[in-house]
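Just below is one structure, and these are the notes that go with it.
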Amino acid sequence: MHSLPSTAMRMTLAAISVFLAGEALAQSNHSQAESPIYDPTNATIFQMSADPGQAFFMLNTVSLAKGGGSDVGEVFRIATQIQPGNEDSVYSAFMPFADKIHTLAESIDPRIDPVGARENYFHASTYYRSASYYLVANPDDPPVALLQPPGEPFTVRAKNSSIGLYDVPAYFFKADASCDKPLPTIVIITGYDASQQDEYHAQCIEGLRRGFNCVTLEGPGQPSPRRYQGLPFIPDYWTALIPVIDNIVTRKDVDISKIILLGESFGGTLGAIAASHEPRLAGLICLDGLASLQKVIASRIDPLLDLFESGNKTAFDQAVYEGLINNASQPLSSRYYFQQSLYTFKTKSPFDWFTQLGKISMTIETVQGVGQRPVYVAKGQDDTLTGNAADVALKMFQEERPNGKNLTYFHEFTTDLGAGEHCSIGTETQVWTSFAAWMHRTWGFKFSNVAYST
């Protein structure tokens, strides 16, 4: 295989630039060439950065405030220190602020003010993770021991045919500390680059307040297994989920007939794949779940597809590095995405990454493996990150299994209520209101009014 001739390479890179410029325009609803001033009246979200990728990242951070993972004023202050499109400024803004909040947490005696200690530790932990976001690394786990009831970290041993034995880090969050009554339990799988700690603040809190136990986990390719064990993403993610289910079904406080799996974004893909091999799950939720992330990306790097499909690994790798990863003129979100992808798949070859990514997709076999269990599929109305991927997943669940239309529920969260972004970030109350209504219709669930402490 040979690299592209220089003329062909220049034409390909130019095409990529034009194509991605269109993607950036779709995300921001504004072209910088047309209007360098951000107009909040013509955007899906109120941006805390002129860079649309950073704006979504900051929205994610501030959205954790309701669940005790950040504070609005703190995030707004940090945002003033970040230069649009500059990843180094993200680290420089978050890290010293995290240090200050951590120092504040350390100064509090938890015997006197457990809430103050807990909240500030959680805030600092979020800011440390945010500081390293564009550096594809993450800090240590948060101090969950100060929760009421305390979160229970646990680790299970798993085995995979390609990577052998490995550890799956997880947390169990108990809804009711006063008794061991078996309760419905939601198991949450995070996505392509988010941590399970974020899921506690974003999703677990909503479930706990309604009387659900909550379990989070990270499998190969996700933050802790990638960082501490060097494990890349794998197609058979069920090898991570099954031992976690083995663990929780032994607990007295888990109703084993009411275990529901929730996957967010790429976690929706992983969740569907895992659910197809785990019959003890009662149902599946795909929140902006992707049928195929590879196809979403393929639609955005269309000029490179001929290279990839021809098997020209050298030329494809060269084009991605020169046109995207090492091209400072490209949007930060584009550069970061490919850097993160190489990191999580533990490769320096974009061709190898894209090949392996294609193996982690929903298939007809996936849908048929889920079988006759109820499935909830949701999307944000103006989700510019994943396009129509949730619609494709919906169609598969409806058409590729018996009685699929009756077993599959679809909900679109709307922009006019602030929920139109990817995974409806920042509107978790709306999301869980819809989840709860679906669960009640499907299983007759009634929900507690638990004043769960964040």
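The figures follow:
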| item | result |
| --- | --- |
| Part-to-part distance (alpha-carbon centres) for segment 275-298 and segment 377-454, which is given in Å | 13 Å |
| The chain: mean projected area of Cα convex hull, nm² | 21.5 nm² |
| Hydrodynamic radius of segment 175-277 per Kirkwood, over alpha carbon pairs, in Å | 13.9 Å |
| Cross-link pairs Lys181/Lys258; Lys66/Lys446; Lys313/Lys359 - those with Cα-Cα distance over 20 Å | Lys66/Lys446 |
| Principal axis box of segment 199-338, alpha-carbon based, largest edge first, Å | 56, 29, 28 |
| Pairwise FRET efficiency - Glu365 versus Ser329, Cβ, R0 = 45 Å, nearest 0.05 | 0.60 |
| Helical mean residue ellipticity (222 nm; -39500 (n - 2.57) per DSSP H run of 4+; nearest 500) of the chain | -13000 deg cm²/dmol |
| Overall Cα dimensions of segment 290-335 - principal axes, largest extent first, Å | 28, 27, 12 |
| Stretch gain in nm, segment Ser89-Ser178, where the contour uses 0.36 nm per residue and the Cα spacing is subtracted | 27.5 nm |
| Viscosity 0.890 mPa s, temperature 25 °C, Stokes-Einstein D of segment 339-413 from Kirkwood C-alpha radius, µm²/s | 174 µm²/s |
| Value of D in µm² per second that Stokes-Einstein yields for segment 49-93, Kirkwood Rh from Cα pairs, at 4 °C (1.567 mPa s) | 123 µm²/s |
| Bridge type composition, the chain - antiparallel percent by DSSP, nearest 5 | 35 percent |
| Additional length obtainable on full extension of the chain from Asn388 to Asp109, 0.36 nm per residue less Cα span | 95.5 nm |
| Free-standing Cys residues across the chain, given no other cysteine C-beta under 4.7 angstrom | Cys179, Cys286, Cys423 |
| Extent along principal axes [Cα atoms of segment 44-135; Å; largest to smallest] | 43, 25, 19 |
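Every read-out reported here was derived from the displayed coordinates using simple, explicitly stated rules and does not represent laboratory data. Keep in mind it's a predicted model, so treat the numbers as computed, not measured. All Cβ positions, even for glycine, are placed from backbone atoms using ideal geometry, and neighbour counts span all protein chains on display.
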